[in-house]
Amino acid sequence: MAKIRVTVWGENIHEHTHKAVKKVYPKGMHTCIADGLNEATDIKAITATLQQPEHGLTEKVLANTDVLTWWGHMGHHLVEDVIVSRVQRRVLEGMGLIVLHSGHYSKIFKRMMGTTCSLCWREAAEKERIWVCNPTHPITKGIDRFIEIPHTEMYGEPFGIPVPEEQIFITWFEGGEVFRSGNVWKRGNGKIFYFEPGHETFPIYFQKEIKLVLKNAVRYVCQQSIWKDGCPMITAEQTREKIGKK
Ligand code: ZN
């Protein structure tokens with residue numbers, strides 16, 4: 001069986017500018033995420049980064065991508081609009097998109113949602129408990145009632161997103177806030193999953209439950225078919241029944 005082709009996109013800035021992040025992710029966050037996905041025999045993950053020509057997201061790469069994952073934070077504004085439009089088109093055609101953590105403010109996520117995607121936040125190394133909202137959902141397969149992350153950044157409501165079509169997880173933080181931390185939408189022929197964990201100074205993408213959710217999510221949003229839509233005119237001569245004739 002053909003493997004699911006995943007491109008793991010990483011902004012790849014913090015790893016070079018913040019010592020604490022480099023220490024946690026010496027090979028880059030994108031490499032860690034891809035390594036986790038490649039543990040699965042049905043997934044083949046490669047990486048792409050902001051610094052590459054066309055941010056590593058050429059027409060060819062995207063044409064051969066069933067699922068794109070996106071982690072960005074301080075460099076959202078550096079992503080070229082032409083690449084955002086290219087990714088958007090592929091999502092509408094059917095490519096899956098998984099947006100991670102601070103990717104909530106990425107150009108592509110805001111474009112796909114059409115809303116501000118804002119939230120409230122705090123960096124206090126607090127505990128997070130991610131509750132499963134739907135234990136029968138494929139993205140929660142193998143996860144018990146909740147996942148705990150010992151230390152993380154808080155992301156809290158209100159989260160400026162459209163009402164999720166499927167809410168998979170809801171999170172509680174030690175400080176008391178709650179957050180819709182795992183949500184699915186359909187846009188065109190493509191599925192989008194937003195997953196909140198992944199603050200860069202903690203080893204969250206090494207955690208086995210997080211790696212499992214990402215594998216499950218890849219399988220769930222994976223491109224099933226390609227819909228290259230257009231806007232053709234169908235003339236009266238082309239209709240199946242002749243209009244106005246008995
Ligand atoms: Zn963060």
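Coordinate-derived values only; no laboratory data. If you're wondering where the values come from, they're calculated on a predicted model, not measured in any experiment. Virtual Cβ from ideal backbone geometry, glycine too; neighbours counted across all protein chains shown.
Key figures for this structure:
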{"read-out": "Rh (Kirkwood; distinct C-alpha pairs) - region 1-43, Å", "value": "11.3"}
{"read-out": "Coordinate range along principal axes, alpha carbons of the chain, Å, largest first", "value": "74, 39, 38"}
{"read-out": "Residue (of ILE143, SER225, GLY72) at the positive-pole extreme of the chain, dipole from beta-carbon charges", "value": "SER225"}
{"read-out": "Under the Karplus curve 6.51 cos²θ - 1.76 cosθ + 1.60, θ = phi - 60°, whole-Hz ³J(HN,Hα) for region 138-147, x wherever Gly or Pro sits", "value": "x, 5, 9, 4, x, 9, 6, 5, 7, 10"}
{"read-out": "Cut-off under 5 Å, modelled amide H: who pairs with TRP121 long-range", "value": "GLY156"}
{"read-out": "Within straight-line cross-link reach of LYS127, aspartates and glutamates at Cα separation under 20 Å, skipping those fewer than 8 residues along the same chain", "value": "ASP144, GLU148, GLU153, GLU157, GLU174, GLU177, GLU196, GLU200, GLU209"}
{"read-out": "Restricting region 1-64 to trypsin sites (Lys or Arg not before Pro) in coil, as DSSP defines it, with at most 14 other Cβ within 10 Å", "value": "LYS3, LYS27"}
{"read-out": "GNM top mover of PRO232, PRO158, PRO138 - the chain, alpha-carbon springs below 10 Å", "value": "PRO232"}
{"read-out": "Normalised contact order of the chain, rounded percent, pairs of Cα under 8 Å and 6 or more residues apart", "value": "21"}
{"read-out": "Expected 222 nm ellipticity per residue - DSSP helices of 4 or more, -39500 (n - 2.57), all of the chain, to 500", "value": "-6500 deg cm²/dmol"}
{"read-out": "Whole-Å semi-axes of the ellipsoid equivalent to region 150-199 (Cα gyration tensor, √5λ, descending)", "value": "23, 11, 8"}
{"read-out": "Centroid-to-centroid separation of region 121-168 and region 208-222 [C-alpha atoms, Å]", "value": "14"}
{"read-out": "Amide proton proximity set for ALA48, modelled H, under 5 Å, gap of 5+", "value": "VAL8, TRP9, GLY10"}
{"read-out": "Long-range HN-HN contacts of GLU166 with modeled amide H, under 5 Å", "value": "VAL184"}
{"read-out": "Qualifying lysines (Cα of each under 27 Å from Cα of LYS110; at least 8 residues distant if same chain)", "value": "LYS60, LYS186, LYS191, LYS211, LYS215, LYS228"}
{"read-out": "Extreme residue, positive dipole direction of region 156-203, given options TYR194, PHE159, GLY176 (C-beta unit charges)", "value": "TYR194"}
